[in-house]
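Contents: one structure, followed by commentary.
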Amino acid sequence: MTMPWHFAQDTGIGGTEALIVTGKEVPLRAAPSGDAEVLARLSWDVVAFDFAREPAPNGFTAIDYRAPAGRETVEGFMQTTSLRSMIDYRIIAMRRNDRWRIVSIVAGD
């Protein structure tokens, strides 16, 4: 078992650009502002850091989001405090003798 669970999934996004939305109904905004138009509300989704755009001001991060059923990528901004890097801390656990045991702790890549 890998925690966070997202890390063991094939998201189609490279590990260095993948971010996990850490909450429910977190707004994806059209501009890096708390009062900008809400393009979507995301809950524990995986999004991509957008390296092509300029760094966002005001504690926001430029991201790209593709809905599971969607074909188009939505470009927007999300508060940085609501995002976690996919390659941040991870725990690998295995079940042995009817008990879970941590076998590895990884801090970034």
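The values are calculated or read from the model by the stated rules, or taken from the named source; none is laboratory data. All values derive from a computational prediction rather than experimental measurement. Ideal geometry is used to build each Cβ from the backbone, glycine not excepted, and the neighbour counts take in all protein chains shown. Remember, those area values only see protein heavy atoms, side chains included, never the ligands or the DNA or RNA. Shrake-Rupley method; radii C 1.70, N 1.55, O 1.52, S 1.80 Å.
Overview of values
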{"quantity": "Candidate residues Glu72, Glu17: accessible-area rank, largest first, probe 1.4 Å", "calculated": "Glu72, Glu17"}
{"quantity": "Accessible surface of the chain [probe 1.4 Å, protein heavy atoms]: carbon and sulfur percent", "calculated": "52 percent"}
{"quantity": "Average accessible area per residue (Å²) across the chain - probe 1.4 Å, nucleic acids and ligands excluded", "calculated": "65 Å²"}
{"quantity": "Whole-number percent relative contact order across the chain, with pairs defined as alpha carbons under 8 Å at least 6 apart", "calculated": "27 percent"}
{"quantity": "Environment charge of Phe49, counting only residues whose C-beta is closer than 10 Å and scoring Lys/Arg +1, Asp/Glu -1", "calculated": "-2"}
{"quantity": "Rounded to the nearest 10 Å², the accessible area of Trp100 at probe 1.4 Å", "calculated": "130 Å²"}
{"quantity": "Neighbour net charge for Ala62 - beta-carbon separation under 9 angstrom, K R +1, D E -1", "calculated": "-3"}
